[in-house]
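These notes concern the structure reproduced below.
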């Protein structure tokens, strides 16, 4: 087993975490990045703006509901033109990825060189502070930015690390039932990759198992008691540690990335959100990948969901997927993508994905999984 682990982010967690923002930004010229305005509805904007303005000059950059290449480029130009020295992003993955990319790109010419591998990231960036209010993808805990609409594709920028992450679980209390569910399930799905693909590091695998069990129990509590602050705190921290790097240390077979290939197609074809695409695809992907990794999928359903290990693999996988779908449906989130239109054509899928994106699946198998996502769910 060989691995490297590095995470330079300073994390502050608790009811007083946001109170530290003003001191961290004192004397800075701050670009405040946020999404569609939920931070104004949930009170976070009002809570942070006055103390932030008392310590620093603030320029707002709202409306970052998707981390698109153009939106990031516009933010970089705005930061340079106004002498910005710090970027504070508040919200979910789109705002976080946009802010991280701006903080990195503002001090690097030709950001596309880093995306396309012609240049390697260094430690230079504007002071960057994240306040997650919609924990799920774990963007607050890593140096990766998922960027959409880059020459027609989704791409990743690596090495765009934030300096601080300030987490207060109470900022998630305003999330509605569906948003809370998506928060939990995206976190669960991403964490599951570190469990089923790790056969070498029992410590990391055990961490992932505990996180998965905690996410499940927290989700079920929040479906009954949405104001349960402990459950919200557990989800917020699970989102963070999910991508912090510890869980993937020693991972030897990261085949779960083919799930993201499935989710990528509805995102580019119909503008489906990352969360909806991923959650819809997960049960269908599990059924299909069990053909190639039956023992791993058995372990997920036995060790995390508590199903009977005495069941044969076929029965166990189908029982587990049915249980998973039942739990997701509790929240009322859509269980299929039929409302977005028809499944893209086979040729569209083949043209949209690189050969390596299919993994162990044949193009026909991956297309069947995508098609299952669009098929109307039978009640």
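The values are calculated or read from the model by the stated rules, or taken from the named source; none is laboratory data. Just so you know, these numbers come straight off a predicted model, no measurement behind them. Neighbour counts run over all protein chains shown; Cβ positions are idealised from the backbone, glycine included.
Please specify each residue of region 322-357 satisfying the condition of being over 21 Å from the mean Cα position of the chain (by Cα) and either in a loop (DSSP other than H, G, I, E, B) or touching a residue at least 40 places away in the same chain (Cβ under 8 Å) (or both).
Selection gives 330, 340, 341, 342, 343, 344, 345, 348, 349, 352, 354.
Could you count how many residues in region 291-321 are closer than 20 Å to residue 217 by Cβ, assigned to a loop (DSSP other than H, G, I, E, B) and more than 24 Å from the chain's Cα centre (by Cα)?
Here the count works out to 3.
Just to check your reading of the model, which residue among 252, 296, 228 is in contact with a helix residue (DSSP H, G or I) (Cβ under 6 Å, 6 or more places away or on another chain), in contact (Cβ under 8 Å) with a residue 12 or more places away in the chain and more than 17 Å from residue 328 (Cα to Cα)?
None of the other options fit; the residue is 296.
Can you name every residue in region 256-269 that is at pLDDT 95 or above and either touching a helix residue (DSSP H, G or I) at 6+ places or on another chain (Cβ under 6 Å) or not assigned by TED's automatic domain parsing to the domain that holds residue 196 (or both)?
Within region 256-269, 259, 261, 262, 263, 265, 266 qualify.
So how many residues does region 43-71 have that are over 22 Å from the mean Cα position of the chain (by Cα), surrounded by 20 or more Cβ atoms within 10 Å (Cβ to Cβ) and without any contact (Cβ under 8 Å) to a residue 40 or more places away in the chain?
Of the residues in that region, 2 qualify.
Among the residues in region 258-265, are any outside any helix (DSSP H, G or I) and farther than 24 Å from residue 178 by Cβ?
Within region 258-265 (the criterion being outside any helix (DSSP H, G or I) and farther than 24 Å from residue 178 by Cβ), the answer is no, since none of the residues qualifies.
Could you pull out the residue among 155, 107 that is without any contact (Cβ under 8 Å) to a residue 40 or more places away in the chain and farther than 30 Å from residue 14 by Cβ?
Answer to the check: 107.
Just one of 191, 214 is assigned to a helix (DSSP H, G or I) and over 16 Å from the mean Cα position of the chain (by Cα); which is it?
Working: 191 fails: over 16 Å from the mean Cα position of the chain (by Cα).
Exactly one residue qualifies, and that residue is 214.
Would region 104-124 turn up any residue that is in contact with a helix residue (DSSP H, G or I) (Cβ under 7 Å, 6 or more places away or on another chain), within 23 Å of residue 190 (Cβ to Cβ) and at pLDDT 95 or above?
no
For region 194-211, how many residues meet the condition of being under 15 Å from residue 242 (Cα atoms) and not in a helix (DSSP H, G or I)? Working first, answer last.
Residues of region 194-211 that are under 15 Å from residue 242 (Cα atoms), as a first pass: 194-198, 203-211.
Imposing the further condition that a residue be not in a helix (DSSP H, G or I) reduces the set to 197-198.
Adding up the residues that qualify gives 2.
Looking at region 358-379, which of the residues that are assigned to a loop (DSSP other than H, G, I, E, B) and touching a residue at least 24 places away in the same chain (Cβ under 8 Å) is surrounded by the fewest Cβ atoms within 10 Å (Cβ to Cβ)? It would help to see each step written out before you state the result.
Quick first cut of region 358-379, residues assigned to a loop (DSSP other than H, G, I, E, B) only: 359-362, 375-379.
This time we only want the ones that are touching a residue at least 24 places away in the same chain (Cβ under 8 Å), so: 359-361, 375-377.
On the way: 359: 18, 360: 13, 361: 21, 375: 12, 376: 10, 377: 13.
Checking each candidate, the answer is 376.
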